[in-house]
Amino acid sequence: MSNLDPITKQVIRNATRAAATEMQTTLIKTAHSPLIYEVQDFGIVMTNRFGQLISEGSALAGFLACLPPTIQSGIKLFGKNGFSEGDIILTNEPYDTGTHISDTALYMPVFYDNKLVAFTSVMAHWADIGGYTPGGWCPTTTDVHQEGIIFSHNKLYEGGVLNNELHRFILKNVRSPEAVDGDLNAKIAACQTGVKRYLELCDRYSAEIVEKTLLEVMNQSEERMRGEIRNFPNGTYHAETYLDNDGIRLDQPCKISVDVTVEDEILKIDWSGSDPATLGPVNHPMVGTKALCGTVMKYLTMPNDPTNDGHLRPLVVTAPQNTIVSAEYPAPCDSYGYVAELIIHLLIRALAEAVPDRCPAASYQMYACSIMRMDPRYGKTFYHSEPIDGGGGAFPHDDGPSGMMFVGNGDAPNVPVEVIESRYPLRITRYSFNDNNSGIGKYRGGYGVIRNYEMLEDNIFLQTSTENNKHRLWGLSGGGDAGISNTIINEGTEREINLDDRVSDYGPLMSGETLTMKTANGGGWGHSSERDINSIAEDVKNDFLDFDEAIRIFNIDRGDLVAAIDRQ
């Protein structure tokens, strides 16, 4: 190992990163569901033979640190000699994979000279998993078995041979078998791409050199991360908030509480003040909670460094058994994403006391819709699902981004209008920024969006995902709060209906009826009295802010604002 120069080490490290990126490209180009090839609702990871992270793709941040412990569970189950070349394993138990049952993980062992050397893996949201509601995100389930088929490290392929019984069982128990089968094959193709690239590295350098190199890279990353944490002031920092409800007990908020302790070069995160696991499906598994804690730590310290196992070693995450952030079987988890968002925002809120110059205000809470017709008696079946983008929280140095995806989804895009209109009986009649913004401050929160759908056929049904309409998310350092998202049926007509909470199987909506999604702004940062008048004038000139409203909110002179607008 001493003969391997630093440049070659970086070549090997970045080759595994390039392999993960190529896996991602393969998945996007071969998947059948827009939720995968457009929204990129997936995570891609490569690990060594011990299940330690060596490289990742750039899709959903929350998924990436979930896959290594998923693979480690498989190693524990099968044993180090329990894999064969050509095996492909499926698993989606939330308490094992860290999210919800719709996010099915697929992993594949890599063999070189008949020895296990690595794993490639993909976690992606299936078009359907056979649960209580099409496509998942069940809002009212009370145990995991209502949420769909459970895979527990089942070998879809063993030694390269397809398990036809399991394959047929899957396709007979989902509502969208063609899409599920297409996406399943796309995930297999992605994993095989990673296998090919890893084997090429072994051919070039030897499996032993590749493994030792990547272990050394992990150790170096660990030391760098410990050095970054040393820059944080020691202390314990607290934050807490509430979900509005768990989907079942609508009048009972759910508390989530965290204490973050900086102790020299270690970050300790404790969720002991959080409520017990809930009756409804908003629970979050501990594997996913640890993954999100690692995501936030990485974001606040070394955001541009390709992640590996070493970065996550200085992190200690604890919680009592079976809380809302450490759910255990058989707690329902299908609407886990609201808690996922709050985990991220609470950690940033707590650490804003320690490193305020690195921490943005909260963005909008996640908001998504599913529009569908699943009964063939009423017409051709279809299922459209997508998260709707909204406003990002303001930074300590700039306004928040507008029309972004909620933070747990990283850089995931929305489904383009052209794709929706070409695939489904829907027409998008409006897609614009939502200028209703309460996130004022020295720097304002980003704007949400307005997305309007017209039904082109009859008997179409709706499901929505929304939260924190009562317990709103926050600004920082005196900035205004984030807003709330809402759904409106037939806006501007005598049949207008406002939906301010989650709904499932809502309808039927008939041809000509409309559905309007309005997503919230992000929180502001700093006091509004400190906002630069030129930034105010720019918002007025761009029609984000009414002239008289600007004078009232920011208490500025009318003539000064006119002069600032003229300067734009």
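The values are calculated or read from the model by the stated rules, or taken from the named source; none is laboratory data. All figures in this text were calculated on a predicted structure; none of them were measured in a lab. Using ideal geometry, Cβ is built from the backbone for each residue, glycine included, and neighbour counts are taken over all protein chains shown. These accessible areas exclude ligands, DNA and RNA; they are computed on the full protein's heavy atoms, side chains included. Shrake-Rupley method; radii C 1.70, N 1.55, O 1.52, S 1.80 Å.
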* To do: Helix by helix through the chain, keep the DSSP H runs that span 18 Å or more along the axis on Cα and average at least -1.0 on Kyte-Doolittle, and give those back in order.
  => 6-30, 177-205, 207-230, 286-301, 337-351
* **Value of [θ]222 nm, deg cm²/dmol, for the chain, DSSP H segments ≥ 4, -39500 (n - 2.57) each, nearest 500** => -10000 deg cm²/dmol
* Reachable lysines from LYS442, criterion Cα separation under 29 angstrom, eight or more residues apart if same chain -> LYS298, LYS470, LYS518, LYS541
* So what's the net charge close to VAL110: Lys and Arg +1, Asp and Glu -1, counting the other residues with Cβ under 12 Å from its Cβ? -> -1
* Given a cut-off of 19 Å, what percent of all Cα-Cα pairs of region 213-278 lie beyond it? -> 54
* Among the lysines, select those whose C-alpha is under 27 Å from the C-alpha of LYS115, and discard any that sit fewer than 8 residues away in the same chain. => LYS9, LYS76, LYS80, LYS155, LYS187, LYS196, LYS212
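For Cα pairs less than 8 Å apart in space and 6+ apart in sequence, what is the mean separation divided by the residue count of region 126-173, i.e. the relative contact order in percent?
So the answer I get is 29 percent.
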* Among bridges DSSP assigns within region 236-379, what percent are antiparallel (round to 5)? -> 75
* Structure fact -> One would report the antiparallel percent of DSSP beta bridges in the chain, rounded to the nearest 5, as 95
* Which option, [x] 193; [y] 154; [z] 139, is the value of volume of the Cα convex hull per residue in Å³ that was calculated from these coordinates? -> [y]
* To do: May I ask you to give the solvent-accessible area per residue for region 220-342, in square angstrom, as obtained with a 1.4 angstrom probe?
  => 36
* **Only Lys, Arg (+1) and Asp, Glu (-1) charged, at Cβ; region 206-286 dipole about Cα centre in debye** => 80
* Asked: So which trypsin sites (Lys or Arg not before Pro) in region 483-523 end up in coil per DSSP with only 16 or fewer other C-beta atoms within 10 Å?
  -> ARG495
* Please state the Cα pair-distance histogram of region 95-253 with 10 angstrom bins from zero: what percent is in each bin? -> 8, 25, 24, 22, 18, 3, 0
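How large, in percent, is the carbon and sulfur part of the accessible surface of the chain at a probe radius of 1.4 Å?
47
Restricting to Cα pairs below 8 Å that are 6+ residues apart, what does the relative contact order work out to for region 262-325? Please round to a whole percent. Provide the component values of the computation, followed by the final result.
Values: 59 pairs, mean separation 41.2, N = 64.
RCO, region 262-325: 64 percent.
For the chain, what does the relative contact order come out to in percent, with C-alpha contacts under 8 Å and a separation of six or more?
13
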* **Eligible lysines near LYS380 by straight Cα distance, threshold 22 Å, same-chain separation 8 or greater** => LYS172
